[in-house]
Amino acid sequence: MIKIVTIIGARPQIIKAAALSRAIKNHFSNKIQELIVHTGQHYDENMSQVFIDELGIPQPNYNLNVGSGGHAKQTAEMIIGIENILAKEKPDYIVLYGDTNSTLAGAIAASKIHIPIVHIEAGLRSFNKSMPEEINRIMCDHSSTLLFSPTTTGLNNLISEGFNPNTKRPYTPDKPGIFHCGDVMYDNSLYFKNISDNSSTIIEDNYLEKGNFILSTIHRDNNTDDPRRLNSIFSSLNEIATNNQTDIVIPLHPRTSKLLEVNLDKQLLLEIKANSHIKLIPPVSFLDMIALESNCSLVMTDSGGVQKEAYYFNKPCIILRSETEWVEIVEMGAAIIANADRNLITSSYNKLKTKSNQTFPSIFGDGKAAEFICSTMLDM
Ligand code: UD1
Ligand code: UDP
């Protein structure tokens, strides 16, 4: 039996963790004991507990309750809390997801006291170090022992940073193992689609017409915190909704809710709120999100996860960033990088809405990434 400590904190990590917890429960319950530590980075009911309840994730064994704050304070409090737990629990591995401050804190705490790090979603790069996530993921990758990349691009990024794909067991932080295993979020989207079909009422609740609305999410700090970019994105949404008489549903991240009031031009904010085609709603559960993603006509987002889920559900996507880590979906023609450029956003919409020959080949694994990760941890 091995013992792992899984760190969750931000919304996407809580959702990702469901795949590994499910694989352990169904296939490895006599071989892997999982303890879950919630850093408390996200804490609103609809940013955290809803996913734990809905996705069958075991209740966290520990919650550090660090809450929001500047990068340094937030990360530092997490490091202290995680180190204490690791010292007490002495796990065989710490499992870290993605690229948030919770990921970085786990990497710093574990590496200094020699707990091997398993990094899930390794190798992704935006090549833009002004993103806090780029710093977090690079530092985590370079202190990990087992690195699991969802894409071949991710694996190749690691190789170009000096990781050796031919390294053999035993793996160590100095001789790490790198693996291309597919995406645990693809596992989850496949698994939860049927459950969502049978339980979500979000389409009816919001009077949306299946196949005839746009789904949008915006939360990236450089969009919410920069009034120029935020105004450009929301004036594009206003224009597209009005000119095309199409509904746009926007589950608002709390960061965005707060900053719309501060950074959006007052007149535009009034117009957005008065536009019957724009539906600003609170963050939704993952089952509701799957219903929105699989029934919309198109996705517009700056989220990493939502871009990919658009692709899983065969929907074109406009990426409201200047680059993406998920370059495959752009190379396939399924997504367009439009940044926060109003002309580019509207022209991308016009292009994608009439495109009829788009294909969405399967490039994110076989839905069993989490099982592969568990087997590899056991095989170390
Ligand atoms: C974080 C991650 C980002 C990820 C995103 C997923 C970092 C550096 N960023 O960004 O990579 O894409 O989570 O959603 O780790 N807030 C609430 N309630 C909550 C959580 C947050 O009101 O439950 C508000 C607070 O005002 C907080 C702000 O949102 O200051 C930002 O939260 P934070 O966790 O610092 O960063 P995110 O923007 O959520
Ligand atoms: N998500 C959700 N409800 C929402 C918005 C997003 O369940 O209201 C899910 C989404 O389906 C994806 C994950 O949250 O699985 C993405 O999280 P987010 O966009 O916050 O972060 P990122 O992926 O950009 O790090």
Check your understanding: Does the range 268-312 hold any residues that are of a type in the set (S, T, N, Q), more than 16 Å from ligand 1 (Cβ to nearest atom) and under 30 Å from R137 (Cα atoms), and which are they?
Key -> S294
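Just to confirm my filter: which helices (runs of 4 or more DSSP H) fall fully inside the range 291-380 and include at least 3 residues that are more than 17 Å from the chain's Cα centre (by Cα)?
Because the criterion is at least 3 residues that are more than 17 Å from the chain's Cα centre (by Cα), the helices (runs of 4 or more DSSP H) in the range 291-380 that meet it are 342-354, 369-378.
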Revision key, fill the gap. Of the conditions (1) touching a His at 6+ places or on another chain (Cβ under 7 Å); (2) closer than 29 Å to F234 by Cβ, the single one that E371 does not satisfy is (2)
Check your understanding: Mind checking which residues of the range 73-91 are part of a helix (DSSP H, G or I) and of a type in the set (K, R)?
Key -> K73, K88
Exercise for review: Show the residue pairs that are 6+ apart or on different chains and have beta-carbon atoms under 6 Å apart, the first residue being within the range 89-118 and closer than 19 Å to M377 by Cβ and aromatic (F, W, Y), the second being modelled with pLDDT of 95 or more and part of a strand (DSSP E or B).
Suggested key: Y93/I4; Y93/V118; Y97/I120
Review point. Taking D197 and the conditions (1) among the charged types (D, E, K, R); (2) surrounded by fewer than 16 Cβ atoms within 10 Å (Cβ to Cβ); (3) more than 24 Å from the chain's Cα centre (by Cα), which numbered condition does it fall short on, given that it satisfies the others?
Key: (3)
Exercise for review: Taking G69 as meeting all but one of (1) part of a helix (DSSP H, G or I); (2) within 10 Å of ligand 1 (Cβ to nearest atom); (3) of a type outside the set (F, W, Y), write down the number of the exception.
Suggested key: (1)
Check your understanding: When both residues are 6+ apart or on different chains and their Cβ atoms are under 6 Å apart, which pairs have a first residue that lies in the range 279-290 and is part of a helix (DSSP H, G or I), and a second that is within 15 Å of ligand 1 (Cβ to nearest atom)?
Key -> F286/I15; F286/F51
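Across the range 93-141, what is the number of residues that are assigned to a loop (DSSP other than H, G, I, E, B) and surrounded by fewer than 18 Cβ atoms within 10 Å (Cβ to Cβ)? Walk me through how you get there before you give the answer.
Within the range 93-141, the first condition is being assigned to a loop (DSSP other than H, G, I, E, B), and the residues that meet it are 98-100, 113-116, 121-131.
Keeping just the survivors that are surrounded by fewer than 18 Cβ atoms within 10 Å (Cβ to Cβ) gives 113-114, 127-130.
Result for the range 93-141: 6.
The values are calculated or read from the model by the stated rules, or taken from the named source; none is laboratory data. None of the values given here were measured: they were computed from a predicted structure. Glycine also receives a Cβ, built like all others from the backbone with ideal geometry; neighbour counts cover every protein chain displayed.
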